[in-house]
Amino acid sequence: MDIVTTANYEFTKELAKLVAEQLRPELPKLVKEAVRELVPQKGMTRAEASKMLRISEGDNLSAILDDPSFPSYPNGTQRRYWPRAVDEYMTTHNWR
């Protein structure tokens, strides 16, 4: 029984070394992405959201940005839009 346990331990140890070696070059990128997800974003204005959506000011833009399902939050008398939430909305709704 000791032989099997020792062999399993050694295998696990070698496997962990190989995974660590493969992960090491990617680790800075993964950390940067994780930090980016945690850091608050600056909300976009209506004009900035318009650029991101590639729609000029007008009725079509109002219909989209004023839709209750569109991700936004109040900021005084105006609304702001989180870039990542708008991007996710565009992806979810097969937007261009």
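Read-outs: derived from the displayed coordinates by stated rules, not from any lab. Keep in mind the model is a prediction, meaning the values are calculated, not measured. Note that each Cβ is placed from the backbone with ideal geometry, even for glycine, and that neighbours are counted across all protein chains shown.
If the only charges are +1 at each Lys and Arg Cβ and -1 at each Asp and Glu Cβ, what is the size of the charge dipole of the chain around the Cα centre, to the nearest 20 debye?
Dipole of the chain, to the nearest 20 debye: 420 debye.
Using a/c under 1.5 as the rounded threshold, could you call region 46-92 rounded, prolate or oblate? The axes a ≥ b ≥ c are square roots of the C-alpha gyration tensor eigenvalues, and prolate needs a/b larger than b/c, oblate otherwise.
rounded
Which angle between 0 and 90 degrees, to the nearest 10, do you get for helix 2-23 versus the longest principal axis of the chain when only C-alpha atoms count?
Taking Cα atoms only, the helix is inclined about 40 degrees.
If I fit a long axis through the Cα atoms of helix 27-38 and take the longest principal axis of the Cα atoms of the chain, what angle between them do I get, 0 to 90°, rounded to 10?
Result, in degrees: 40.
Picking from GLN78, ALA63, TYR89, whose Cα lies most toward the positive end of the charge dipole for the chain (charges on Cβ: Lys, Arg +1; Asp, Glu -1)?
Result: GLN78.
Give me, ordered by chain and number, the residues 5 or more places off MET44 or on other chains with an amide H under 5 Å from its own placed amide H.
Long-range HN contacts for MET44: TYR81, TRP82.
Which one, (1) 17.3; (2) 14.7; (3) 15.4, gives Kirkwood radius over Cα pairs in Å as derived from the coordinates shown?
Computed from these coordinates, Kirkwood radius over Cα pairs in Å corresponds to label (1).
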